[in-house]
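Read the structure below first, then the notes.
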Amino acid sequence: MTEPKTMDMMCGGWTETRDADKETQWICDQVKSLVQGKTNKIYQEYRAVKYRSQVVAGFNYLFKVCVGGPSYIHVQVYQALPCHGGHLWLSGVQEDKTHDEPLEPISN
């Protein structure tokens, strides 16, 4: 299990949008099957390009994921603290997003 990114995070506040990296792609990959189940689609391309994060009683992540050509989805994931197992939960998915559309928290 990878350690959550904690640099420059303020408890309760979302970070600015950042470029995705190997660690954020790993988190996205862990919930890919859940995302596909929720959207009822199979993604040949599934590449995290941007993300935001938030410190709560764990970590919230919001990802912009390229799913082929000009198609994007937003994926929100909760990661428990390492002392609680660091488990990942899919919190929400929004389809039909664009490359330029801002990452905003998904409310259920």
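The values are calculated or read from the model by the stated rules, or taken from the named source; none is laboratory data. A quick note: this is a predicted structure, and the numbers were derived from the prediction, not measured. Methodologically, a virtual Cβ is constructed for each residue, glycine included, from the backbone with ideal geometry; neighbour enumeration extends over all protein chains shown. Surface accessibility is based on the protein's heavy atoms, side chains included, excluding ligands, DNA and RNA. Shrake-Rupley method; radii C 1.70, N 1.55, O 1.52, S 1.80 Å.
Quick notes
- Pair list, Cβ under 8 Å, 6 or more apart: region 12-27 residue farther than 20 Å from A80 by Cα, other residue in a loop (DSSP other than H, G, I, E, B) and open to solvent by 30 Å² or more (accessible area, probe 1.4 Å): T17/P102
- Taking every residue in region 29-41 that is part of a loop (DSSP other than H, G, I, E, B) and of a type in the set (V, I, T) and pairing it with any residue that is open to solvent by 90 Å² or more (accessible area, probe 1.4 Å) and modelled with pLDDT of 95 or more, at least 6 positions away or on another chain, the pairs with Cβ-Cβ distances below 9 Å are V31/W89.
- Hits in region 16-28 - residues which are part of a loop (DSSP other than H, G, I, E, B) and of a type in the set (A, V, I, L, M, F, W, C): A20
- Checklist (1) of a type outside the set (V, I, T); (2) surrounded by 17 or more Cβ atoms within 10 Å (Cβ to Cβ); (3) modelled with pLDDT of 95 or more applied to K5, failing item: (3)
- One residue from C83, C66 being of a type outside the set (D, E, K, R) and open to solvent by less than 40 Å² (accessible area, probe 1.4 Å): C66
- Subset tally (residues that are of a type in the set (S, T, Y) and either touching a Pro at 6+ places or on another chain (Cβ under 8 Å) or over 16 Å from R52 (Cβ atoms) (or both)) for region 65-108: 2
- Only residues that are polar (S, T, N, Q) and open to solvent by 30 Å² or more (accessible area, probe 1.4 Å) were counted across region 10-20, and they come to 1.
- Selection within region 86-104 - surrounded by fewer than 18 Cβ atoms within 10 Å (Cβ to Cβ), part of a strand (DSSP E or B), out of contact with any Phe, Trp or Tyr (no Cβ under 6 Å at 6 or more places or on another chain) and not acidic (D, E): L90, G92, Q94
- Filter result (modelled with pLDDT of 95 or more, among the hydrophobic types (A, V, I, L, M, F, W, C) and loosely packed, with under 14 Cβ neighbours inside 10 Å) within region 21-62: W26, I42
- Selected residue [of a type outside the set (A, V, I, L, M) and within 18 Å of T15 (Cα to Cα)] from Y78, Y43: Y78
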